[in-house]
Amino acid sequence: MQSTDAIILAGGLGTRLRPVVDALPKVMAPVNGRPFLDILLGHLSQYDFIKRVVIAVGFMADKIIGHYGGTGRYSFEILFSVEEQLLGTGGALKKAVQYTKTPEVIALNGDTFAGVDIKDFVSVHLQRSASLSIALKEMKDCGRYGTVALDAVGRVVSFHEKTSVDGLINAGIYVFNRALFNNCPEGVVISLEREFLPSLLPSDTSDSNCFGYRFNGRFIDIGVPETYNIAGDYLLDVQRQ
């Protein structure tokens, strides 16, 4: 497996989680006594082809850098991409890509755990010669997330706004070719999910080079109190790995 750098998006305000976690950035919210970000870094550390992880920080960046800067706990180097002004998920990813070196890059939302076999995810991405692959999870009632539609061979053909139907949701983990962001404006606020990803789809979706990757592992987004409050039990055995 070729070396593949990773980016964790950890700069958001975490407004919806403030009623229960108000003095920490969202990714540092404690789950069973440890920051949630530990779980994501632990998951990445299972894969020896990941040599560098860039944490994209913004809100309360000092708390994240203070905790993880210089740590030798992981098998990879940790760098930080610091937003002086919040750029949205797309803008943050554009900024962080400059700190990566590998042709393909893994990106993760910092408030979401997706139990994806990352080695297989990257392998399938490379086999398809995809420019972007999105991990997708089958869900009942996708009202919080919106849905992603695929064609018969797994190409992404459309993104749909939040709707209370069953379907495939974007699980917040991606593999992409770094050239994908060449035409994304720098220093501009842009949403990855609502603006940048839909802009990648051609009018003839049979020409799309964006693919979905279905997985059956566990999934949790701690961004609201309801799911954060159950994260400890849900992820207990993951933390023990």
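The values are calculated or read from the model by the stated rules, or taken from the named source; none is laboratory data. Note that this is a predicted model, so its numbers are computed, not measured. Methodologically, a virtual Cβ is constructed for each residue, glycine included, from the backbone with ideal geometry; neighbour enumeration extends over all protein chains shown. When the accessible area is computed, the model is the full protein with side chains, heavy atoms only, and any ligands, DNA or RNA have been set aside. Shrake-Rupley method; radii C 1.70, N 1.55, O 1.52, S 1.80 Å.
Has the stretch 70-89 got any residue that is of a type in the set (Gly, Ala, Ser), at pLDDT 95 or above and under 15 Å from residue 4 (Cβ atoms)? If you could, list the steps in order and put the result at the bottom.
Initial filter on the stretch 70-89 (of a type in the set (Gly, Ala, Ser)): 70, 72, 75, 81, 88.
Checking which are at pLDDT 95 or above leaves us with 81.
Pick out the ones that are also under 15 Å from residue 4 (Cβ atoms) and you get none.
Within the stretch 70-89 (the criterion being of a type in the set (Gly, Ala, Ser), at pLDDT 95 or above and under 15 Å from residue 4 (Cβ atoms)), the answer is no, since none of the residues qualifies.
Checking the structure you have, find out if any residue of the stretch 143-151 is in contact with a Cys (Cβ under 7 Å, 6 or more places away or on another chain) and of a type in the set (A, V, I, L, M).
Residues of the stretch 143-151 in contact with a Cys (Cβ under 7 Å, 6 or more places away or on another chain): none.
No, the stretch 143-151 has no match at all.
Among the helices (runs of 4 or more DSSP H) contained in the stretch 38-143, which hold 2 or more residues that are open to solvent by 50 Å² or more (accessible area, probe 1.4 Å)?
On the way: elements: 61-68, 88-97, 118-127.
Here the list reads 61-68, 118-127.
Kindly establish whether residue 47 is modelled with pLDDT under 95 and aromatic (Phe, Trp, Tyr). Write out each step before concluding.
Numbers: modelled with pLDDT under 95: no; aromatic (Phe, Trp, Tyr): yes.
No; evaluated as a whole, the condition is false for this residue.
Look at the stretch 145-181 and say how many of its residues are among the basic types (Lys, Arg), more than 23 Å from residue 7 (Cα to Cα) and either modelled with pLDDT of 90 or more or touching a helix residue (DSSP H, G or I) at 6+ places or on another chain (Cβ under 9 Å) (or both). Can you show your working first?
Of the stretch 145-181, the ones among the basic types (Lys, Arg) are 155, 162, 178.
Next, from what is left, pick out any that are more than 23 Å from residue 7 (Cα to Cα): 155, 162.
With either modelled with pLDDT of 90 or more or touching a helix residue (DSSP H, G or I) at 6+ places or on another chain (Cβ under 9 Å) (or both) added as a condition, the list becomes 155.
The total comes to 1.
Consider residue 49 carefully, then state whether it is touching a Ser or Thr at 6+ places or on another chain (Cβ under 7 Å) and in contact (Cβ under 8 Å) with a residue 12 or more places away in the chain.
It is true that residue 49 is touching a Ser or Thr at 6+ places or on another chain (Cβ under 7 Å) and in contact (Cβ under 8 Å) with a residue 12 or more places away in the chain.
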